[in-house]
């Protein structure tokens with residue numbers, strides 16, 4: 001079969017997990033219907049529905065984010081409309097960060113992405129890998145073979161690793177947390193009262209970076225050109241931008257079922 005570029009976002013979101021986090025993927029792998037996920041994504045079209053600067057997004061791209069949220073048990077209290085707005089918001093964030101990464105020269109070559117993809121593929125062959133059966137059901141639902149899937153994967157990793165390079169460069173600008181910040185954070189998180197100092201430093205540093213990242217995205221969006229080409233998305237766009245302005249944190253990690 002002919003391989004289409006539109007497969008790339010689902011690869012990026014689910015396998016590379018650079019957008020949802022590996023912990024989220026592992027938890028989802030034990031709880032959601034992978035084949036249904038793949039089939040829902042496959043039924044979406046390749047029509048371009050959004051443009052953010054020089055980056056285009058298709059209906060499949062948007063559905064990938066929606067499915068990531070829809071099948072996350074940690075978000076089960078949210079209604080369908082809320083999830084659609086958040087999916088659009090996260091897609092906008094993704095595209096504006098990718099645009100900036102490429103603008104700053106943090107793009108990853110096909111060779112680098114292919115090497116990274118091969119490492120992930122090898123790791124999936126271990127018998128005790130969490131989510132292996134889920135992954136197999138996923139690509140079955142997508143209607144592709146494993147060989148076809150991994151032939152497509154490097155392009156998805158190119159996008160993820162490019163944004164990852166940008167994030168790494170930004171992280172260098174964040175100073176280590178102060179003793180006052182750590183004490184304040186402990187008061188807000190009583191479960192960490194007896195945690196080692198190293199753990200507290202890591203948690204506070206991550207929170208500080210996340211606030212910095214959100215402000216960075218907001219700054220980019222002030223200068224960004226965003227065009228929703230789909231009438232339904234045009235209605236959701238103001239809500240999505242408002243959600244980003246309020247602070248769109250990481251997708252929560254669901255607690256795996258026992």
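Every read-out reported here was derived from the displayed coordinates using simple, explicitly stated rules and does not represent laboratory data. Just so it is clear, the model here is predicted, and its values are computed rather than measured. Positions of Cβ are backbone-derived with ideal geometry, glycine not excepted, and every protein chain shown enters the neighbour counts.
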Checking the a/c ratio against 1.5 first, then a/b against b/c, what shape does the Cα gyration tensor give for segment 137-192? oblate
Pull out a ≥ b ≥ c, the square roots of the eigenvalues of the alpha-carbon gyration tensor of segment 173-224, then state rounded if a/c is under 1.5, prolate if not and a/b is larger than b/c, and oblate in the remaining case. prolate
Given R₀ = 22 Å, FRET efficiency for residue 223-residue 45 by Cβ-Cβ distance, to 0.05? 0.15
So what's the gap between the Cα centers of segment 224-255 and segment 69-140, to the nearest angstrom? 17
Cα shape, segment 88-170, gyration tensor, a/c 1.5 rule: prolate
